[in-house]
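K.L.:
Dropping the structure in here first, questions after.
The values are calculated or read from the model by the stated rules, or taken from the named source; none is laboratory data. Nothing here was measured: the structure is a model prediction, and the numbers come from that model. Cβ: placed from backbone, ideal geometry, glycine included. Neighbour counts: every protein chain shown.
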Amino acid sequence: MTLNDFRQCSPFVQLYFVLKYGTYLAQRWEADDEGVSLYHVAESKGRGYFVEVGAADEQGLVIVLRSFVSSVPLEDYSYWIKLPEGWA
């Protein structure tokens with residue numbers, strides 16, 4: 001599934017897809033001990049994309065927070081992860 005296709009899906013489908021097909025890379029912490037997990041989703045062509053998953057509110061509902069291909073958001077994880085091949 002391409003990033004464009006992924007973004008067209010409902011949040012429920014996005015979450016299912018990431019947890020089933022994504023590769024967990026790292027976790028970072030935000031205020032109030034809320035964790036945000038980073039996943040890499042491979043594509044058959046290209047390098048794939050990254051997806052952050054975390055809690056949305058006080059109820060702890062898990063949602064996809066953002067999906068991206070830029071390496072800039074990865075700086076928050078740079079201490080904990082080794083990027084997939086081709087992202088260095």
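K.L.:
Mind checking whether some residue in the stretch 68-85 is at pLDDT 85 or above and either of a type in the set (A, V, I, L, M, F, W, C) or touching a strand residue (DSSP E or B) at 6+ places or on another chain (Cβ under 8 Å) (or both)?
P.N.:
Yes - at least one qualifying residue is present in the stretch 68-85.
K.L.:
Are any residues in the stretch 11-56 at positive phi and modelled with pLDDT under 85, and if so, which ones?
P.N.:
Asp32, Asp33, Gly46
K.L.:
Now, a different point. Residue by residue through the stretch 2-40, note down the ones that are within 13 Å of Val64 (Cα to Cα), loosely packed, with under 12 Cβ neighbours inside 10 Å and over 13 Å from the mean Cα position of the chain (by Cα).
P.N.:
Gln8, Ser10, Phe12
K.L.:
Here's something else I'd like to know. Could you please find all residues in the stretch 8-47 being without any contact (Cβ under 8 Å) to a residue 12 or more places away in the chain and touching a Gly at 6+ places or on another chain (Cβ under 8 Å)?
P.N.:
Result: Trp29, single match.
K.L.:
What are the residues in the stretch 41-54 that are more than 16 Å from Ser71 (Cα to Cα) and part of a strand (DSSP E or B), if any?
P.N.:
Val53, Gly54
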